[in-house]
Amino acid sequence: MSTIAFAGAVHQSGAGESVLETLLRHGADVPYSCRKGTCLTCMLVARSGEVPDFASEALKPTEREQGMFLACQCPADRDLTVALPNRATIYGRARIQSKEALAPEVCRVRIRPANDLYYHAGQFINLQRADGLSRSYSLASVPSLDEHLEIHVRRLSGGAMSSWIFDTLAVGDEVDIQGALGSSYYLPGRPEQDMLLIGTGTGLAPLYGIVRDALASGHRGKIALYHGSRAPNGLYLRDALRKLAAAHDTFTYTPCISGDSAEHDCRVGRADLLALDDHASLDGWRVHLCGYPPMVHAAKKSAYLAGASLADIFTDPFDLKDLRAAPRDSEAARSDIW
Amino acid sequence: MSTTTETIFDRIGGQAAIEAAVDVFYRKVLADPTISHFFDGTDMEEQRAKQKAFLTMVFGGTDDYTGKDLRSAHAPLVAKGLNDAHFDAVAGHLQATLDELGVDAESAGVIMETAAGTRDEVLNR
């Protein structure tokens, strides 16, 4: 039995628990989100005690040097004294530059960080509201093409953050952002490599960035984008993508509707199934999969079986994002998000 | 045994052979509906690394991958019903992988024998 000291209290850990689980079980007020070591929301600082290297693997060397680690990745099988890191070292201020509807349930938010953010198209940021509520959003913008950061937010029924962004957040408001994070982005090496991009819902956002980044970087291989939605009105940015396809021989755009309603110029069926059907061999291809987690996981397996190397398959399942729990909420509140 | 297996590892091309074999083997295993469900929800990169360690062992490249690893790694699968038929299916995919890569019959025989020797550990007996 070990103890985790936090904010003046000492908590007994349970068998097999992570530091985060111990703290949450005792009702400690710590931010967290994905619980999988990806979103970096649960970063803590170890004031005393040894934290294993793997619990800080995902962090920057400068953060590790300050004793930061991920509470969800650190086993609570050792005595530790932990604290919240100084927020200013993680989050930066940013201002809302514009907000516009792209579809009935999708809006585009442009954000201007107070300090330039170094990022790649396709990475994500964590956006934090003043009360600590935090969500991850993929970046649809491209550093070399766009002046501001761009995210696409889908309104989720009961989603605390998305409702707030739709209904309350206004141009000129300030938010905190952390990032950029994630390793699913365009790499300029191998410009002749063919690319297959599959996204569902706002999984289009990072792909919209990656496509434009690749084209602007002079990518010579084929770039095939499949965007899936249950209903036609979820296929946002259709005009922009058709224009892009008309302007570039190497780029094709295939909007796919998986629900009942058919529409002119859209394929009928699930985007991942249609894409894999159209590409029997993905030997040598680069593949990006973003959005609905079961789609991402199934398509990853299919792409690998079709010959893509695992090192060339980049995934961005949105369970780490839109499905996020509000910090400090119970499991019951988590399921509310849908 | 160790001199024989070392020879086989080198004879079939060492680390490069492992790299060539791992994707062929893992794809066969994943694509087999009689066993693929055991891999549902697993991290594919991690799984591929495990397949690589396993192949390195049966190709005689290293002793790092121990019977204890095999036993504990498969215990949750045994709880889910992993049995001799599944073991045989995987062994079949290993044989097919060796055939596909053109591994000579003698080396393949030794490799298959090494693999067969893991049956009790894998099935936790």
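The values are calculated or read from the model by the stated rules, or taken from the named source; none is laboratory data. Note that this is a predicted model, so its numbers are computed, not measured. Note that we place each Cβ from the backbone using ideal geometry, even for glycine, and neighbour counts take in every protein chain shown. With ligands, DNA and RNA removed, areas are computed over all heavy atoms of the protein, side chains included. Shrake-Rupley method; radii C 1.70, N 1.55, O 1.52, S 1.80 Å.
Tell me which residues, restricted to region A:216-252, are open to solvent by less than 30 Å² (accessible area, probe 1.4 Å) and under 29 Å from A:R135 (Cβ atoms).
If the condition is that a residue be open to solvent by less than 30 Å² (accessible area, probe 1.4 Å) and under 29 Å from A:R135 (Cβ atoms), then A:I223, A:L225, A:Y226, A:H227, A:G228, A:S229, A:P232, A:G234, A:L235, A:Y236, A:L237, A:L241 are the ones that fit.
Which of the residues spanning region A:66-124 are more than 29 Å from A:D167 (Cα to Cα) and either assigned to a strand (DSSP E or B) or of a type in the set (D, E) (or both)?
A:M68, A:F69, A:L70, A:P75, A:D77, A:D79, A:L80, A:T81, A:V82, A:A83 - these are the residues of region A:66-124 that are more than 29 Å from A:D167 (Cα to Cα) and either assigned to a strand (DSSP E or B) or of a type in the set (D, E) (or both).
Within region A:1-59, can you find the residues that are among the acidic types (D, E) and over 21 Å from A:R135 (Cα atoms)? Before you say what the answer is, go through the steps one by one.
Step one: list which residues in region A:1-59 are among the acidic types (D, E), which gives A:17, A:21, A:29, A:50, A:53, A:57.
A:E17, A:E50, A:D53, A:E57, listed by residue number.
Please name all residue pairs, on different chains or six or more residues apart, with Cβ atoms under 9 Å, provided the first residue is in region A:247-262 and is at positive phi and the second residue is loosely packed, with under 15 Cβ neighbours inside 10 Å and of a type in the set (A, V, I, L, M).
Close Cβ pairs satisfying both conditions: none exist.
Conditions: (1) open to solvent by 60 Å² or more (accessible area, probe 1.4 Å); (2) in contact (Cβ under 8 Å) with a residue 40 or more places away in the chain. B:D10 meets all but one. Number of the miss?
Single failed check for B:D10: (2).
Can you pull out the residues in region A:4-16 that are closer than 17 Å to A:C42 by Cβ and open to solvent by less than 30 Å² (accessible area, probe 1.4 Å)? Step through it out loud before you land on a result.
Taking region A:4-16 first, the residues closer than 17 Å to A:C42 by Cβ are A:4-7, A:11, A:13.
Scanning region A:4-16 gives A:I4, A:A5, A:F6, A:H11, A:S13.
Could you run through region A:41-63 and say how many residues are of a type outside the set (S, T, Y) and buried (at least 23 other Cβ atoms within 10 Å of the Cβ)?
Of all residues in region A:41-63, those of a type outside the set (S, T, Y) come to A:42-47, A:49-55, A:57-61, A:63.
Then drop every residue that is not buried (at least 23 other Cβ atoms within 10 Å of the Cβ), which leaves A:42-44, A:51.
Summing the residues that are of a type outside the set (S, T, Y) and buried (at least 23 other Cβ atoms within 10 Å of the Cβ) in region A:41-63 gives 4.
Just checking, does region A:141-158 include any residue being acidic (D, E) and open to solvent by less than 30 Å² (accessible area, probe 1.4 Å)? Show your work before the answer.
Kept after step one, since they are acidic (D, E), are these residues of region A:141-158: A:146-147, A:150.
Narrowing further to those that are open to solvent by less than 30 Å² (accessible area, probe 1.4 Å): A:150.
Scanning region A:141-158 turns up at least one residue that is acidic (D, E) and open to solvent by less than 30 Å² (accessible area, probe 1.4 Å).
State which residue is surrounded by the most Cβ atoms within 10 Å (Cβ to Cβ) when the search covers only region B:23-42 and only residues that are facing chain A (nearest Cβ under 10 Å) and among the hydrophobic types (A, V, I, L, M, F, W, C).
Applying the filter and picking the extreme gives B:L30.
Quick test of your reading of the structure: B:A16 fulfils all but one of (1) at pLDDT 85 or above; (2) exposed (fewer than 12 other Cβ atoms within 10 Å of the Cβ); (3) more than 14 Å from every other protein chain (Cβ to nearest Cβ). Name the failing condition by number.
Unmet for B:A16, out of (1) at pLDDT 85 or above; (2) exposed (fewer than 12 other Cβ atoms within 10 Å of the Cβ); (3) more than 14 Å from every other protein chain (Cβ to nearest Cβ): (1).
Residues are listed down the side, and each one gets a yes or a no for (1) surrounded by fewer than 22 Cβ atoms within 10 Å (Cβ to Cβ); (2) within 11 Å of chain B (Cβ to nearest Cβ); (3) more than 15 Å from A:M195 (Cβ to Cβ); (4) not aliphatic (A, V, I, L, M):
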| residue | (1), (2), (3), (4) |
| --- | --- |
| A:E263 | yes, no, yes, yes |
| A:L273 | yes, no, yes, no |
| A:D277 | yes, no, yes, yes |
| A:S281 | yes, no, no, yes |
| A:G284 | yes, no, no, yes |
| A:M295 | no, no, yes, no |
| A:K301 | yes, yes, yes, yes |
